[in-house]
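Input: a single structure, listed below in structure tokens.
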Amino acid sequence: MLILEILSSFFILATFLPLVKWDYWWIRVFDYPRLQKLIINLLLLAAWLYLDPDLSNKTLSYIFGLVLASLFLAKKVYPFTPFGKKMINRVAYNIDSGIHVLVANIYQLNEKYDKIIKLVKRKSPDVVFMVETNKEWEKQMKPLEEKYKYHVKIPLENTYGLLFYTNLEIVRKEIQYLIDPEIPSLELDLLLRNGKKITLYAIHPTPPVPGQNTLSTERDAEILMVGKKSKNNPLPSIVLGDLNDVAWSYTTELFLKVSEMADPRRGRGMYNTFHAKIPVFRWPLDHFFLSKHFALSSLKVHSGVGSDHFPISIKAVLTQTNDTDTLEADGDDKKEARQKIASGLAMN
């Protein structure tokens, strides 16, 4: 029973710890495995009922805590199931007013270069955005330059290199270092086939991890900065990339409020992209967020390419009507976003 008490206490604490808005990694890491925590809490609940059917006072206290934790997690997970409310309507794909984008964190040490090339050639997206790319990856991806006329290449050895390929005309290109001088991001205006201009924000902020970056401050600030950019941009826009944050975290929800963008996952599923090699530890780290100008045609997680992430792709279509359901930021949300951005900028 002692082991059951310890496990129950730990997972009840792990459930509610992310409500503390501190940026320390040992708090923010508990944002990720919400479905896993829900399953474990339910198993612990069943164990208490089985081992103490007479329901002593101690058992009742643990049951109460586990039930409360399970209900909290179920509420957080529910929007990312097919039963949740959809933020974006689904429409048929139109090649003239649509865009097909593939995002892949390829894992810098991964040497299975042919897998991503085969995937790109098979799916033929309009845009390919790859992160964790160094000089060797740039060299091995030369075949993609035959398929895509436009490309932006920033190979780096620090796991934050970017490769961007597209067959849509790039009419404006900005390489930005929003928070960290060693972590680039892209802001690009592309022309769709119908002549309409859209903006893509392609990012890969740093995660909070022990020994490297013990705070999520820089990650949160970069995500929110891009959200504000999109909100103030009159053009239709898409934010994409490995955000090193899960779809249901407090920061991602704050981003949705600040940007007034929509998450295509909501009401459809989790679409987990990490960890590709450890099935029990999977959650959504790679994202697409769409401005109100878009509807969704498809969202798909692809088979592994040798990385610890699965590639993910989206087909989105510009629409004449705005049927998107978005979140709105109140005064407290806007204040918190400003404070997080200021804190991130102050660190560099």
- Task: Please verify whether the stretch 120-139 includes one or more residues that are surrounded by fewer than 19 Cβ atoms within 10 Å (Cβ to Cβ), small (Gly, Ala, Ser) and assigned by TED's automatic domain parsing to the domain that holds residue 269.
- Result: yes
- Message: Among the residues in the stretch 311-320, are any under 19 Å from the mean Cα position of the chain (by Cα), over 17 Å from residue 237 (Cα atoms) and assigned to a loop (DSSP other than H, G, I, E, B)?
- Response: yes
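For (1) within 30 Å of residue 42 (Cα to Cα); (2) outside the structural domain of residue 193 (by TED's automatic domain parsing); (3) touching a residue at least 40 places away in the same chain (Cβ under 8 Å), each residue gets a yes or a no:
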site	(1), (2), (3)
64	yes, yes, no
69	yes, yes, yes
74	yes, yes, no
89	no, yes, yes
92	no, yes, yes
104	no, no, yes
111	no, no, yes
114	no, no, no
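The rows are residues; the columns are (1) part of a helix (DSSP H, G or I); (2) not hydrophobic (A, V, I, L, M, F, W, C).
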{"site": "4", "(1), (2)": "yes, no"}
{"site": "13", "(1), (2)": "yes, no"}
{"site": "21", "(1), (2)": "no, yes"}
{"site": "47", "(1), (2)": "yes, no"}
{"site": "50", "(1), (2)": "yes, yes"}
{"site": "54", "(1), (2)": "no, yes"}
{"site": "59", "(1), (2)": "yes, yes"}
{"site": "67", "(1), (2)": "yes, no"}
{"site": "72", "(1), (2)": "yes, no"}
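Within the group 92, 69, 104, 47, which residue is small (Gly, Ala, Ser), closer than 27 Å to residue 311 by Cβ and crowded, with 17+ Cβ neighbours inside 10 Å? Working first, answer last.
Working: 92 fails: crowded, with 17+ Cβ neighbours inside 10 Å; 69 fails: closer than 27 Å to residue 311 by Cβ; 47 fails: closer than 27 Å to residue 311 by Cβ.
Checking each option against the conditions leaves just 104.
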- Item | Residue check, residue 325 acidic (Asp, Glu), out of contact with any strand residue (DSSP E or B) (no Cβ under 8 Å at 6 or more places or on another chain) and surrounded by fewer than 19 Cβ atoms within 10 Å (Cβ to Cβ) | no
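Of the residues that make up the stretch 247-254, is at least one more than 16 Å from the chain's Cα centre (by Cα) and either modelled with pLDDT of 95 or more or surrounded by fewer than 18 Cβ atoms within 10 Å (Cβ to Cβ) (or both)?
The initial filter retains those residues of the stretch 247-254 that are more than 16 Å from the chain's Cα centre (by Cα), namely none.
There is no residue in the stretch 247-254 that is more than 16 Å from the chain's Cα centre (by Cα) and either modelled with pLDDT of 95 or more or surrounded by fewer than 18 Cβ atoms within 10 Å (Cβ to Cβ) (or both).
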- The residue that is nearest to residue 76 (Cα to Cα), considering only those in the stretch 220-243 that are touching a strand residue (DSSP E or B) at 6+ places or on another chain (Cβ under 9 Å) and part of a loop (DSSP other than H, G, I, E, B), is 243
- Single match in 125, 82 (criterion: touching a residue at least 40 places away in the same chain (Cβ under 8 Å) and within 30 Å of residue 167 (Cβ to Cβ)): 125
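The values are calculated or read from the model by the stated rules, or taken from the named source; none is laboratory data. Treat the numbers as computed from the prediction; the structure is a model and nothing was measured. In this analysis, Cβ positions are derived from the backbone assuming ideal geometry, glycine residues included, and neighbour counts consider all displayed protein chains.
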